[in-house]
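Encoded as C-alpha cells, the structure appears first; notes follow it.
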Amino acid sequence: MSEIAERVRRVLDDPGLWPREPKEATALQREMAGRVREEPLDADAVRYVAGLDVSYARDDSALSAAAVVLDVRTMEVVDSAVFSAEPSFPYISGLFAFRESPPVLEALGRLSVTPDVYLCDGFGLAHPRRFGVACHLGVLLDAPVMGSAKSVLYGKHSEPGDERGSWTPMVAGRSEVVADSAALAAEGAEVIGRVLRTRAGVKPVYVSVGHRVDLEGAADLVLRLSPRYRVPEPVRHADRLCGEHRKAVLAARDDAP
DNA sequence: GCGACAG
DNA sequence: ATCTTGTCGC
C-alpha cells in the first residue's frame, strides 16, 4: 500500500475527525486551522498535479468523487481514480469539507501515482475561519494543496483586467466587490487569495492557499494548468470523470434493484 | 434579527 | 452541485 493510501486510511478511520454536528465541525475547523502552513511552491519543480472533484445526484442519494493526475510538463493524464457512496454530511456553506473530503480521500487512496501537489475545486484560506477544503485536505494529508473556486464565499476583491493572467488580491472581510483590493492589501489587510483571469474576457477563478504552498506559486501553477479554459485542466478532467461515474452508478442502481 | 452562503 | 435546448456571439 502506498504512503498516501496508508495516510488516507488512518485519517478516514479516525472518528474524531468526522463530527456529525455542524457545531462540532465548526469547532474542529477552528482547531485545525492552526496547523495550516504556508511554504514556497516552486511551480517549475512540480510534475504531477491531482485535480479533485465530486458529483452529486439531484436527490442527494449518491455521489462520486474523482482524482485525476496530470503531468504538468505534457498536460497528459497519467493516473485517475474514482469512488462512489452516499453523502454522509449535508451541504452547508463553510462546512463543505466535511461533505466532500471523505469520498475524495477514498479516491486518492486508490491512485498509483503520488501527486506532487493537489488542486481542489473550492477554497483554502479564503474562508470565514481560514479553513476551506483545500486547507482541510492539506492538513489531513500533510501534503501541498491549493484551491481554485468558481465563485466567492468570503473576502473582498476587485475585478482583474480582461487579459489572461491578470489578477487582484482577495483580502479578509465579508464577501464584497471593492474598487481597489490591492490598495487594501498594501495598507496591511490580510491577503487570503487571488482573483485570477485564466481566460481573456471570461469570469475569473478564485485561487487560495490550502497547505504547504504559497499564493504566488499556487496562482502561477493554476494559470499554467489553465492554458485554454477557465477551469484548470486537472479539475476539468476530475469533473468529467466523477460526473460520468455518478451517472453510471445511478443507471446501474435503477437497472438492477 | 437579516442577508449571504465554495460544491 | 443538479435539471436541460437552443442560442447569442466571436
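Hey, for a label at residue A:92 modelled as a point 7 Å past Cα toward Cβ, could you say which residues of segment A:1-38 have their backbone N under 17 Å away? Answer for segment A:1-38: A:16-33.
Size of the dipole of chain A about the Cα centre, Lys and Arg at +1 and Asp and Glu at -1 on the beta carbon, nothing else charged, in debye to 20?
380
Under 16 Å of direct C-alpha separation, and excluding same-chain neighbours fewer than eight residues apart, residue A:247 reaches these aspartates and glutamates: A:53, A:59, A:60, A:86, A:239, A:255.
Amide H neighbours of residue A:38 under 5 Å, counting only residues 5+ apart in sequence or on other chains, H built in-plane at 1.01 Å? Those lying under 5 Å, H to H, from residue A:38 are A:212. Annotation: for a label point projected 7 angstrom from Cα along Cα→Cβ of residue A:247, residues of segment A:15-54 with backbone N closer than 19 Å are A:53-54. Roughly speaking, what is the centre-to-centre gap between segment A:156-227 and segment A:20-36 when only Cα atoms are used, to the nearest Å? Cα centroid of segment A:156-227 versus Cα centroid of segment A:20-36: 26 Å apart. Per-peptide packing, taken as the mean over residues of other Cβ atoms within 10 Å, places A:243-253, A:223-233, A:44-54 in the sequence A:44-54, A:223-233, A:243-253 from highest down. Protection proxy ranking for A:5-13, A:209-217, using the average of other Cβ atoms within 10 Å per residue and placing the highest first: A:209-217, A:5-13. For residue A:73, put the label point 7 Å out on the Cα→Cβ axis and report which residues of segment A:46-61 keep their amide N under 13 Å from it. A:46-49, by backbone N distance to the label point.
Since every read-out is calculated from the coordinates, none of them should be taken as a lab result. Note that this is a predicted model, so its numbers are computed, not measured. When we count neighbours, we look across all protein chains shown, and the Cβ atoms used for this are built from the backbone with ideal geometry, even at glycine.
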